[in-house]
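Read the figures in this text as sums done on the coordinates, not as results from a lab. Not measured: the values here are computed from a predicted model. Counting neighbours? That spans all protein chains shown, and the Cβs are built from the backbone with ideal geometry, glycine included.
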């Protein structure tokens, strides 16, 4: 059986200077940069847009994909005006990403919230579907990321959000590990993948999310099972989502060790046999 090709590895834009970010990525064998926008970063005029375009251009030949980290800005806000403002912001980012020649944009539902209180399920689904359609007009694949809490932390609801909105998936393996649904063992990590394994376009790689941020794996065994399943997918963009150099490079070492072991083929055979045809029985109940 032919071993699947290795995915492209990306790092986050935690280095402000674009030239140093580019050189750090190239020196360490990264193929791209996952560029995170925060509200304060968004350009407010043509001059700011031009400056951002120049910064992104300096990253060539690295591929760049885009990630929206807008805490408190939610498409499904129960407050109609806040929800409208959120949609305006995300549409603005879609237009910006198109100007930057981007093809992928990751969004969240309930980012920064401990629960889904204050959000409307119906509005979230409808607005996400509208945003996905809006992005398609610009050639952008809008992807929903699973979080560690809230609706997208529950595989059965994450599946519904993806299916009803036609969104792509950004699979965060650290969030999945900390999901109450997984920690309770009612669901497993792979339930965030099935039945939409063909929609996983991006993956965030680190061990787990704690109060002090993302943690690096101490050894390959910390990530082995999750990386084996990821290797079975067509997802070709693995973001090592660590924002401190020592943690980033220790994670890079673990991921490279995984590639060197070349364990993907047996895992793919097992996954294809048991998951891509049948959905998880618990998911079928919803």
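Summary of values
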{"read-out": "Longest to shortest principal axis, alpha-carbon extents of the range 64-215, angstrom", "value": "41, 33, 31"}
{"read-out": "Rule-of-thumb Rg ratio for the range 129-206 [Cα; 2.2 N^0.38 Å; N residues]", "value": "1.07"}
{"read-out": "Extension gain from residue 60 to residue 48, taking 0.36 nm per residue of separation minus the Cα-Cα distance", "value": "2.3 nm"}
{"read-out": "Per-peptide average of other Cβ atoms within 10 Å, ordering 157-165, 145-153 highest first", "value": "145-153, 157-165"}
{"read-out": "Cα-based equivalent ellipsoid of the chain: semi-axis lengths in Å, sorted from largest, via gyration tensor", "value": "28, 26, 17"}
{"read-out": "Estimated FRET transfer efficiency (residue 82, residue 246; beta-carbon r; R0 35 Å; 0.05)", "value": "0.35"}
{"read-out": "Residue exposure sequence - 215, 106 - by fewest surrounding Cβ within 10 Å", "value": "215, 106"}
{"read-out": "Fewest-first sequence of 224, 105 by Cβ atoms within 10 Å of each Cβ", "value": "224, 105"}
{"read-out": "Mean projected area in nm² (Cα convex hull; one quarter of hull surface) for the range 1-146", "value": "11.0"}
{"read-out": "The chain - percent relative contact order, Cα under 8 Å, separation 6 or more", "value": "17"}
{"read-out": "At R0 = 22 Å, FRET efficiency that the Cβ-Cβ distance of residue 23 and residue 101 yields, to 0.05", "value": "0.55"}
{"read-out": "Residue 40-residue 91 FRET efficiency (beta carbon distance; Förster radius 22 Å; 0.05 resolution)", "value": "0.75"}
{"read-out": "The chain - share of DSSP beta bridges that are antiparallel (%, nearest 5)", "value": "10"}
{"read-out": "Mean-position separation - Cα centroids, the range 1-64 and the range 166-196, in angstrom", "value": "26"}
